[in-house]
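Encoded as structure tokens, the structure appears first; notes follow it.
Bear in mind these aren't lab numbers, they're just calculated from the coordinates by the rules spelled out. Keep in mind it's a predicted model, so treat the numbers as computed, not measured. Here the Cβ positions follow ideal geometry from the backbone for every residue, glycine too, while neighbour counts run over all protein chains shown.
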Amino acid sequence: MDLTAFCLKLDEVLDASPGTVQPGQALDQLEGWDSVAVLAFIAMADTDYGVSVPAKEIPECRTVDDLANLILRQKA
Amino acid sequence: MINPLALENRTILVTGASSGIGRATAVLLSQLGATIVAAGRNAGRLEETTHSLEGGGHHAMVFDLADLDAIPGWMAKVVEQAGPLDGLVHSAGIGSIAPLRVLAMPEVEQVMRVNYLSAVALTKEFSRKRTHRKDASIVLISSVAGVVGAAGRTAYSASKGALTAFARSAALELASAGLRVNCIAPAYVRTEMYDAARGSLTDEQLNALVAAQPLGLGEPLDVAHAVAFLLAATGRWITGAVLAVDGGYTAQ
């Protein structure tokens, strides 16, 4: 997965300016990472990566990379 | 003994009959004596429905309602095969969970097309004299989402709210023709659509959602019973109504 492109997608999910989200960043430090952002993330994963992300596993994600890996695991 | 829900000698078209509420409705109506025209996108799943129907003489029609332009021709084919109709149940629908910031316009259009615009086209064709018989009835499956808002559900809510508004005006317009038009607004029912939505909810959200329904999660048959009530003689004096079948969800 292209992590830079993924971070740009997360910018959209968070309604942040392009380039805000960086690889490795902790989710609890991202402004706007709330329940609506989680819904937006799930919708984005479906539209852009063609996977259904189980919402239950999202609270276990700590970083941007964990979210990317969650998508990759669904693709596997 | 009398059965006011009897539907013998009545032919009823059910869309979305290949799963969930549509399938449960088709089966129940057949058990009440109706001849069913089961419509759905998926031939295999539609066949499962027709195998579950009671009695003979039913029809299965594979059709994608998103193809709005094809609906008039398709309805003519339905009448050609099954004869004039006594009822229409529009249960076909698709879900959508997407906050505005990631909501793509093609998704909004598709949700409106399948959930709402198809109902308009179907009702229009159904209301033609040659398509229906005397004392016919239309039931549109809306949703509590058309009445109560929820984050991430704008497209879905709008499509279901449009159905209820449409039903009220159609009810008035078609009353003199002896046609009744009603909506049912179910809350969360154990269906394939619910299973899909469940994946995008955490355990906490899911528990809150179930707790918001004082009578718990609904079953497809709970909604099917209400459809039968509106279609049969029991619904004779009911039109333009939105019947909440929601386990108490909107009572709060």
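Cross-link partners among aspartates and glutamates for residue A:56, C-alpha distance below 12 Å, same-chain residues fewer than 8 apart left out?
Within the straight-line limit of under 12 Å, residue A:56 reaches these aspartates and glutamates: B:203, B:204.
Once you keep just the Cα pairs under 8 angstrom separated by 6 or more residues, what percentage relative contact order results for chain B?
Reported relative contact order: 21 percent.
Rounded, prolate or oblate: which one fits segment B:97-192, using the alpha carbon gyration tensor with axes a ≥ b ≥ c (rounded when a/c is under 1.5, else prolate when a/b beats b/c, else oblate)?
In terms of gyration-tensor shape, prolate.
Quick one: give the max-minus-min coordinate of the C-alpha atoms of segment B:6-89 along each principal axis, largest first, in Å.
The principal-axis extents, from largest down, are 34, 25, 17 Å.
Shielding of B:196-205 by partners, i.e. mean partner chain Cβ atoms within 10 Å per residue?
5
Calculated FRET efficiency, residue B:62 and residue A:47, Cβ-Cβ r, R0 35 Å, to nearest 0.05?
FRET efficiency, residue B:62 to residue A:47: 0.80.
Tell me, in nm to one decimal, what length is gained between residue B:151 and residue B:225 on full extension, where the rule is 0.36 nm per residue of separation less the Cα-Cα distance?
23.6 nm
If the viscosity is 1.002 mPa s and the temperature 20 °C, what Stokes-Einstein diffusion coefficient in µm²/s follows for chain B when Rh is the Kirkwood radius over Cα pairs?
118 µm²/s
What full-extension length gain, to one decimal in nm, is calculated for residue B:238 and residue B:76 as 0.36 nm per residue of separation minus the Cα-Cα distance?
Extending this stretch completely gives an extra 55.6 nm.
Need one number: nm distance between label points at residue B:9 and residue B:172, each 7 Å from Cα along Cα→Cβ, rounded to one decimal.
With each label point 7 Å from Cα toward Cβ, the separation is 3.5 nm.
Quick check on the exposure proxy: order A:28, A:34 from fewest to most C-beta atoms within 10 angstrom.
Placing the least packed residue first, the sequence is A:28, A:34.
Need one number: nm distance between label points at residue B:43 and residue B:129, each 7 Å from Cα along Cα→Cβ, rounded to one decimal.
3.8 nm
Testing the spin-label approximation: label points 7 Å from Cα along Cα→Cβ at residue B:54 and residue A:28. State their distance in nm.
5.8 nm
Suppose only helical runs count, i.e. DSSP H with n ≥ 4. What mean residue ellipticity at 222 nm does that imply for the protein assembly as shown under -39500 (n - 2.57) per run, divided by all residues and rounded to the nearest 500 deg cm²/dmol?
My calculation for the protein assembly as shown gives -13000 deg cm²/dmol from helical runs alone.
Using the Cα atoms of the protein assembly as shown to build a convex hull, what is its mean projected area in square nanometres?
Taking a quarter of the hull surface, the average projection is 18.1 nm².
Looking at B:200, B:172, B:118, which one has the Cα that reaches farthest to the positive end of the dipole of segment B:105-237 (charges on Cβ: Lys, Arg +1; Asp, Glu -1)?
My answer, from the dipole projection, is B:172.
If r is the Cβ-Cβ distance from residue A:2 to residue B:190 and R0 is 25 Å, what FRET efficiency results, to the nearest 0.05?
0.05
By count of other Cβ within 10 Å, fewest leading, how are B:15, B:164 ordered?
Least to most surrounded, the residues fall as B:164, B:15.
Hand me the trypsin sites (Lys or Arg not before Pro) from chain A located in a DSSP loop with no more than 15 other Cβ atoms within 10 Å, in residue order please.
Qualifying residues, ordered by number: A:62.
Using packing as a proxy for protection, rank B:235-245, B:86-96 so that the peptide with the highest average count of other Cβ atoms within 10 Å comes first.
Packing order, densest peptide first, comes out as B:86-96, B:235-245.
If I stretch the segment between residue B:110 and residue B:198 completely, what's the gain in nm (0.36 nm per residue apart, minus their alpha carbon distance), one decimal?
29.6 nm
Tell me which residues come under 5 Å, amide H to amide H, from residue B:10 once H is placed; ignore anything under 5 positions away on its chain.
B:35
When Cβ neighbours within 10 Å are restricted to other protein chains, what is their mean count per residue of peptide B:94-101?
5
Shielding of A:36-48 by partners, i.e. mean partner chain Cβ atoms within 10 Å per residue?
What the average comes to for A:36-48 is 6.
Once you sort the root eigenvalues of the Cα gyration tensor of segment A:3-75 as a ≥ b ≥ c, which label holds: rounded (a/c under 1.5), prolate (a/b larger than b/c) or oblate (the other case)?
rounded
Would you order B:231, B:53, A:70 from fewest to most other beta-carbon atoms within 10 Å of each residue's own beta-carbon?
A:70, B:53, B:231
Within the set B:77/B:129; B:124/B:160; B:77/B:160; B:77/B:134; B:134/B:160, which residue pairs have Cα atoms separated by over 22 Å?
B:77/B:160; B:134/B:160
How big is the charge dipole of segment B:1-83 about its Cα centre, in debye rounded to the nearest 20, if each Lys and Arg gets +1 on its Cβ and each Asp and Glu gets -1 on its Cβ?
Here segment B:1-83 has a charge dipole of around 120 debye.
How do B:177-183, B:124-130 rank on mean C-beta neighbours within 10 Å, highest first?
B:177-183, B:124-130
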